[in-house]
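Visitor: Sharing a structure, written as structure tokens. Questions coming.
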Amino acid sequence: MKRVLCLTKIGVVDEWSDGKGATTSSHYAITPVLQHSNTPVLHRLWCQRYSPVVGLEEFGVPDSLLLDVTGCAHLFGGEGGLARQVAADFRLRGLSVRGAMADTIGAAWALAHYGRREAGRPEIIVVPAGEHAEFLRPLPVKALRLPAGVVETLEKLDVRRIGQLLSLPRDGLLSRLGPEVLQRLDQALGRRAEWIVPERPPAPVEARWSFEHPISHRQTIEAVLQRLVGRIVDQLASRGEGVQSLRVHLTGPQGEQVRFSVGMLRPSASEAHVGELLLTRLGQLRFFSPESRVQSRERRVEMSNDEIPMTKSAPIDIRPSTFVISRLSIRATATALLKSRQEELFETETDRDSRPELGLLIDRLSSQLGEKRVLRPYLYPDAQPERASRWQPLIGKVGRTGKKEGEKGSPALFRPLRLKSEPCAIKVTAAAQSTGPGAPPVRFSWRNRDYTVIRCWGPERIETGWWRGRHVRRDYYRVETETGRHFWLFRRIREGDWFLHGEFE
Amino acid sequence: MPLHSHDPKRAETIQELSRQLRRFRPAGDGVAGGSESSWPREGPGRRCRLRPATRRGGREAGVLATGILPLDRLLPEQGIRPGTLVEWLFEGEGSGAGTLAFTAASNLLRPGGACVVVDSGREFYPPAADRLGIDLSRTIVVRPVCVRRTGRRAPTGRRGSSDGAKREHRLRSVAPHSSLFSPRVSGASDLLWALEQSLRCPGVAVVVGWIDQINSGPFRRLALAAETGGGVGLLLRPAKFRTQSSWADVRLLVEPLPGGSLHSKGRRLRVELVYCRGRMSGGTIELEIDDETGVVSDEDWSGG
């Protein structure tokens, strides 16, 4: 007996608080995911773990997945277990889902979209085998996936439920409403066959090269890598896609592997650009071979008598030329459609922001220096100065940066342009005469130099919430020294010690 | 550079034509009444330039205002020309040179393009730059590996996560981004490389970076990169390098001055035009930056 699972209302759940510390009220917004046929989206939804046959519905704008789960339920402890597993997996990834399992595609679709759900009932309805007809009767006629015009006609005739439609003579339906109504009825009841058109995962885009003999010649390796990049680019060009990230495997004769990845800001179809990034990463590799590991063990024994040995894991740096490779492979791990751009002979100033050269620069910087060293800054509403800004790599994994609203209410220039990553302890040798314990500094020493404060602004008290655990309580002062320099100092309220946190450069 | 007839690709041909046409840019030589167009009489080694037909408001076409009026009056061209380097020499920490540089950068960004901040010291603080007018959505911060020697022993604990006492450390090296990759002992080459690449990119309007000792060869490369990219490089450098040769088109020395106006909360700075390529240098201004409004006004201006 055939069993079909229909999943719909798949969306990303956005939850946010009202900004009052601990979440007192939450708001949800669901962003639909399946707006169009998008194979990468399907596979990101991992639905092939439930069934080998996964397809998109072909009615209207597809917003449902259809899975043929015939013979699959026992792997999940039964159909109920399968439904619970699907719902739990989607929930775990922050996705909402509704669905139904029945004998036919039509019945599953109808119940997934229009089946009644009460509070506390599961998101996925499981209809027992052979009972889908009874479950369909109370549903509205539009649950049969009929065109809007036919639904309107039926409603004018006061035929609003599928049960009413089933009681009407078939010949009358055919003559008055056309063949589609009968076709959909038969598909829903299982009298007419309907198939799921499965989505096939795209073949991985990769290129390989095996050497007859292991080689270590750097120029040869680079030439082969360049050729493999060309093959990758050609494979993607036929789809109108560019490569956005690559993974390279260098395999030695004994199976030892060296792997590295290269990412790009925008998909690229330029063989020269992608090759340049790969070769830049290749030039940064430290190669290890079994010979080098044997050498390092022997050397540690020799060094133990007369020299202080290096740490246990410290290898000896071997020149790349001694590493031998027997196989090379490159795989495109992320691709995207290329955007066409009209070539202009004379650029306008407004074009400068969208120039493709900027993307190439970011790729080059990230490839040479590392993706975590090419960043975009974001402001973050946090009282603690070290946390008032966040950093996000321009290439690679994009994490949450939080809200983009910055601090409000602070005077325009009361934040230093350079903030020490760790506050530097200073010695305040004299403080102003004041009745309170938080007297501003008059003289302090830092980096073996003495400074005399001639003007001071503050204190600006900065405290963080107790719920953070290690909260801070500081009084900040902006000071001007006798030479006109401006620094940002703070005193820890509880401990009373002083630190220099920034320079108003 | 001649256009090779055997160049196969149309896109490359268009780019080469665009690059060659961009070389023809207005230039003034300080001579009054420059209303005639004339071909230069220089030798074959000089670039071909067209004299501008009109001058707008005392500033030549193509020259960008810094947004700091007294500073614009100090500069011979009333602003900064795209494709040039400006060196800001500062006397020690907290001098105010960075404030002026980033204020100028915010105005240089207005026509478009990105701002690249090369921050090897990892001390650049975005909230302050935001208040100086830098559009952070168009800002890229590059952090090359940095090895520097500072005060005393190494810190413990997570960076910036607690309020505990931290001390400066003797030697701190930023870890390589992967154990598979060669760790970099010296970040100077990465810093200069990042500056050069950023200056060379036509999509970048302003590059700001802190530099230290730099030889003539790499400095010349930076100047050529700025000329190629068409952006402006603002290089902040300690004043102790004032006597060293520089390939910057403009050199400004920024000195902090103690004490402000009687009722203001501002800070005072003295800016001296140490050098300007092809023009008379000299000239000093004293500025006061108002903390409340961020307005920079001049107290005294003496021409050079």
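Visitor: Sort A:173-179, A:472-478 by packing, meaning the average of other beta carbons within 10 Å per residue, with the highest value first.
Guide: Ranked from most to least packed, the peptides come out as A:472-478, A:173-179.
Visitor: So what is Rg over Rh here for the stretch A:109-262, counting just Cα atoms and using Kirkwood for Rh? It would help to have the intermediate numbers written out before the result.
Guide: Working: Rg = 28.9 Å, Rh = 21.4 Å.
Checking Rg against Rh, the ratio lands at 1.35.
Visitor: Over the stretch A:195-257, with a single point scatterer placed on each C-alpha, what log10 of the ratio I(q)/I(0) does the Debye formula yield at q = 0.12, 0.25 1/Å?
Guide: These q points yield log10 I(q)/I(0) values of -0.43, -1.17.
Visitor: Rounded to whole Hz and in sequence order, give me ³J(HN,Hα) for the stretch A:211-221 from the Karplus expression 6.51 cos²θ - 1.76 cosθ + 1.60, θ = phi - 60°, writing x for Gly and Pro.
Guide: So the J values, rounded to whole Hz, are 8, 5, 10, x, 10, 9, 6, 4, 5, 5, 4.
Visitor: Taking θ = phi - 60°, what integer Hz values does the Karplus form 6.51 cos²θ - 1.76 cosθ + 1.60 yield along the stretch B:137-145, in sequence order, with x for Gly and Pro?
Guide: 5, 10, 10, 10, 10, 10, 10, x, 4
Visitor: Further, regarding this structure: Taking amide H positions as placed 1.01 Å from N in the peptide plane, with prolines and chain starts having none, which residues 5 or more places from A:Val453, or on another chain, fall under 5 Å of its amide H?
Guide: Amide H neighbours of A:Val453: A:Arg443, A:Phe444.
Visitor: What is the mean number of Cβ atoms from other protein chains located within 10 Å of the Cβ atom of each residue in peptide B:251-259, rounded to a whole number?
Guide: Working: counts 0, 0, 0, 1, 2, 8, 3, 9, 5.
The mean count of partner-chain Cβ atoms within 10 Å per residue comes to 3.
Visitor: For the ranges B:99-112, A:242-255, what's the packing order if you count other beta-carbon atoms within 10 Å of each residue, average per peptide, and put the highest first? Please report the intermediate quantities before stating the final value.
Guide: Numbers: B:99-112: 21.6, A:242-255: 18.2.
Highest-to-lowest ranking by the protection proxy: B:99-112, A:242-255.
Visitor: Oh, and also: Between the stretch A:437-485 and the stretch B:223-262, what is the separation of their alpha carbon centroids in Å?
Guide: Rounded to whole Å, the Cα centres lie 30 Å apart.
Visitor: Run the simple label-point estimate for A:Thr220 and A:Ala129 please: 7 Å along Cα→C-beta, distance reported in nm.
Guide: Going by the 7 Å Cα→Cβ label model, 6.2 nm.
Visitor: Under the rule of at least 5 residues apart or a separate chain, name every residue whose amide H is placed under 5 Å from the amide H of A:Val126.
Guide: A:Met101
Visitor: From other protein chains only, count the Cβ atoms within 10 Å of every residue's Cβ in A:450-456, then give the mean.
Guide: On the way: counts 0, 1, 1, 0, 2, 5, 0.
Partner-chain Cβ atoms within 10 Å, mean over residues of A:450-456: 1.
Visitor: Under a 5 Å amide H to amide H cut-off, with H placed in plane at 1.01 Å, what residues pair with B:Gly230 once short-range neighbours are removed?
Guide: Those qualifying (amide H under 5 Å, at least 5 residues apart or on another chain) are B:Gly83.
Visitor: Shifting gears a bit: Under 14 Å from the Cβ of B:Tyr275, count the other residues' Cβ atoms, weight Lys and Arg +1, Asp and Glu -1, and hand me the total.
Guide: Details: positive: B:Arg237, B:Arg242, B:Arg251, B:Arg277, B:Arg279; negative: B:Glu77, B:Glu87, B:Asp249, B:Glu272.
Neighbour charge sum, excluding B:Tyr275 itself: +1.
Visitor: Counting only protein heavy atoms and rolling a 1.4 Å probe, how much accessible area do B and A lose on contact, total for both sides, in Å² to 100?
Guide: Numbers: alone 17990 and 30290 Å², together 40730 Å².
By this definition, chains B and A bury close to 7600 Å².
Visitor: So, one more: Would you tell me the mean number of C-beta atoms belonging to other protein chains that fall within 10 Å of each C-beta in B:193-204, as a whole number? All intermediate terms of the calculation are to be shown ahead of the outcome.
Guide: On the way: counts 4, 7, 0, 0, 6, 4, 0, 3, 9, 8, 13, 5.
The per-residue average across the peptide is 5.
Visitor: Could you let me know the centre-to-centre spacing of the stretch A:357-386 and the stretch B:66-103, using Cα atoms, in angstrom?
Guide: Value for the Cα centre distance between the two parts: 25 Å.
The values are calculated or read from the model by the stated rules, or taken from the named source; none is laboratory data. Bear in mind that the values here come from a model prediction, so they are computed numbers and not experimental data. Note that we place each Cβ from the backbone using ideal geometry, even for glycine, and neighbour counts take in every protein chain shown. Side chains included, ligands, DNA and RNA excluded: accessible areas come from the protein's heavy atoms. Shrake-Rupley method; radii C 1.70, N 1.55, O 1.52, S 1.80 Å.
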